[in-house]
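Bear in mind these aren't lab numbers, they're just calculated from the coordinates by the rules spelled out. This is a predicted model, so every value here is computed, not measured. Heads up, the Cβs are rebuilt from the backbone with ideal geometry, glycines too, and the neighbour counts pull from every protein chain shown.
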Amino acid sequence: MQLVFATHNKHKVSEISLLLPSFITLIMPDMIGYTDEIPETGDTLAANALQKSMFIYEKYGYDCFADDTGLEVKCLDGRPGVFSARYAGEGRSAEENIQKILGEMKDAKDRTAVFKTVIALVIKGKPVFFEGNVKGHIALDRMGNGGFGYDPVFVPEGSTRSFAQMTLVEKNTQSHRAMAVKKFVEYLKK
Ligand code: ITT
């Protein structure tokens, strides 16, 4: 089965590839000639995931899926949430997003947070959604150099290490994305 993964994020591709069974062949947007930005202008993770996968489906006719992810921090009233990619401003780096969160949480006692992923799968134009969540907390400072995005400051519940201090395989045993992908794979197996 061939599926386009509507993303330009290579880290997501590496994580997800390790979790997919061999009957699924991933096609990346550039392999079908699409190298521009994939629009995501919704105000929920589900809306953005659907927008990304529908965009490719409608343009090229391929069955497709997309992942939209957000970090919800309790003491920031759920921010950055759906705006996680551009929290420090349009075009800003992951490092700048991290520094903004750490600055806002300088005096925070409650550092709990949830990482959420929604995957939207579009087969023959019909959407299905899969969600994965992981609870954890925001570290006092960045820890580790692995992973991407907010990984250096997110410590999942039950661990003392951030996602950036874990191997891909370890992150995949407990991450928001892995939880959503497992549900997605179960669905495709049926
Ligand atoms: P797409 O092309 O798939 O849209 P993206 O990087 O824009 O890639 P999202 O909108 O889903 O992806 O991500 C929102 C933000 O959350 C962005 O800043 C990511 O770096 C970050 N993020 C997503 N998944 C993450 C993860 O597993 N660990 C840490 N940060 C993550």
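Residue count for the range 157-168 satisfying the condition of being within 11 Å of the ligand (Cβ to nearest atom) and surrounded by fewer than 20 Cβ atoms within 10 Å (Cβ to Cβ): 1. Checking each residue in the range 143-156 for being of a type outside the set (G, A, S), surrounded by fewer than 19 Cβ atoms within 10 Å (Cβ to Cβ) and under 19 Å from the mean Cα position of the chain (by Cα) picks out N145, F148. Applying the criterion of being small (G, A, S) and part of a loop (DSSP other than H, G, I, E, B) to the residues of the range 55-81, the residue that is nearest to the chain's Cα centre (by Cα) is G78. Could you identify the single residue in K100, K52 that is part of a helix (DSSP H, G or I) and crowded, with 20+ Cβ neighbours inside 10 Å? Selected residue: K52, the only one of K100, K52 that is part of a helix (DSSP H, G or I) and crowded, with 20+ Cβ neighbours inside 10 Å. Note on the range 82-97: among residues that are not in a helix (DSSP H, G or I) and not hydroxyl-bearing (S, T, Y), the one that is nearest to E131 (Cα to Cα) is V82. With the requirement that a residue be without any contact (Cβ under 8 Å) to a residue 24 or more places away in the chain and assigned to a strand (DSSP E or B), what does the range 123-155 give you? Within the range 123-155, K126, K135, V155 meet the criteria. Can you name every residue in the range 35-52 that is out of contact with any helix residue (DSSP H, G or I) (no Cβ under 7 Å at 6 or more places or on another chain), under 17 Å from D63 (Cα atoms) and of a type outside the set (S, T, N, Q)? The answer is A49, L50, K52. So in the range 130-142, with the set limited to residues that are more than 21 Å from F184 (Cβ to Cβ) and of a type in the set (A, V, I, L, M, F, W, C), which one is surrounded by the fewest Cβ atoms within 10 Å (Cβ to Cβ)? Looking at residues that are more than 21 Å from F184 (Cβ to Cβ) and of a type in the set (A, V, I, L, M, F, W, C), I get L140. For the range 115-129, the criterion of being more than 11 Å from the ligand (Cβ to nearest atom), over 25 Å from A49 (Cβ atoms) and either hydroxyl-bearing (S, T, Y) or surrounded by fewer than 14 Cβ atoms within 10 Å (Cβ to Cβ) (or both) is met by none of the residues.
Among the residues making up the range 1-21, those that are within 18 Å of N172 (Cα to Cα), assigned to a loop (DSSP other than H, G, I, E, B) and within 14 Å of the ligand (Cβ to nearest atom) are N9, L18, L19. Filtered by the rule that a residue be closer than 9 Å to A6 by Cβ and among the aromatic types (F, W, Y), the range 35-74 gives F55, Y57, F65.
When the residues of the range 22-38 are filtered to those that are in a helix (DSSP H, G or I) and touching a strand residue (DSSP E or B) at 6+ places or on another chain (Cβ under 7 Å), the one that is surrounded by the fewest Cβ atoms within 10 Å (Cβ to Cβ) is I32. One residue alone among I119, I138 is among the β-branched types (V, I, T), touching a Phe, Trp or Tyr at 6+ places or on another chain (Cβ under 8 Å) and over 20 Å from L18 (Cβ atoms), and that residue is I138.
Just checking, does the range 69-90 include any residue being near the ligand (Cβ under 10 Å from one of its atoms), surrounded by fewer than 14 Cβ atoms within 10 Å (Cβ to Cβ), of a type in the set (F, W, Y) and free of Cβ contacts under 8 Å to residues at least 60 places away in the same chain? Yes, the conditions are met somewhere in the range 69-90.
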